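Quick note: the coordinates plus some simple rules give every number you see, no bench work behind them. Everything numeric here is computed off the predicted structure, so don't read it as measured data. Using ideal geometry, Cβ is built from the backbone for each residue, glycine included, and neighbour counts are taken over all protein chains shown.
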Amino acid sequence: MAVSTEAHWTEYQPLATSTFDSFSPLTDAAALAVERFRLELVTPDRAMTFGEFNQRYPSRVVLDVVARINQVRPPDRLAAGQLVKRVVGGPVP
C-alpha cells in the first residue's frame, strides 16, 4: 500500500512502484505448507481439569493462551460434555 497526497504522488510513485514490483510468486514449499491457526470444538467425555484436557487434546499454542480463549485457568475443572476450544493448524513444525 502506498499513501501520499495527490500533490506529492509524482515524487513517491517510482518508490511505490519498485516496492510493488519487488514481490514475486511464493515458491518455498515450507512456506506454502503453512496452515492458518483454527479453533476446533471438543466435547470431553469425562470431567477433567483444563490442564488434563490440554494433555489429552493438545493445542498448537501454549496452555495459557488456550485457557484465555476458553476463559478458564489451567487448574479449573471442566464438566463432561462441556464444549471446549483447542487451537489446531498453524506453522508446520
Estimated 222 nm signal from helices in the chain, with DSSP H stretches of n ≥ 4 weighted -39500 (n - 2.57), rounded to 500: -9000 deg cm²/dmol
How far is helix 9-21 tilted, in degrees, relative to the longest principal axis of the Cα atoms in the chain, given as a value from 0 to 90 rounded to the nearest 10? 50
Using modelled backbone amide H atoms (1.01 Å from N, in-plane), which distant-in-sequence or interchain residues come within less than 5 Å of GLY90's amide H? GLU35, ARG36, PHE37, ARG38
Dividing the Cα convex hull volume of region 44-93 by residue count, how many Å³ per residue is that? 72
Loop chymotrypsin sites (Phe, Trp or Tyr not before Pro), region 35-91 (other Cβ atoms within 10 Å of the site Cβ: 11 or fewer; DSSP): none
Taking Cα pairs under 8 Å and at least six residues apart, what relative contact order does the chain come out at, in percent? 37
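Averaging sequence separations of C-alpha pairs under 8 Å and six or more residues apart, then dividing by the length of region 44-93, give the relative contact order as a whole percent.
Here the relative contact order equals 50 percent.
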Where in region 23-93 are there GluC sites (Glu not before Pro) that are in a DSSP coil and have at most 14 other Cβ atoms within 10 angstrom of their Cβ? GLU35
Taking the structure as given and computing P(r) over Cα pairs in 5 Å bins from 0, in percent, which label from [x] 3, 12, 17, 15, 13, 12, 10, 8, 6, 3, 1, 1, 0; [y] 2, 11, 18, 22, 22, 15, 7, 2, 0; [z] 3, 12, 16, 13, 8, 7, 7, 8, 8, 8, 6, 4, 2, 0 fits? [z]
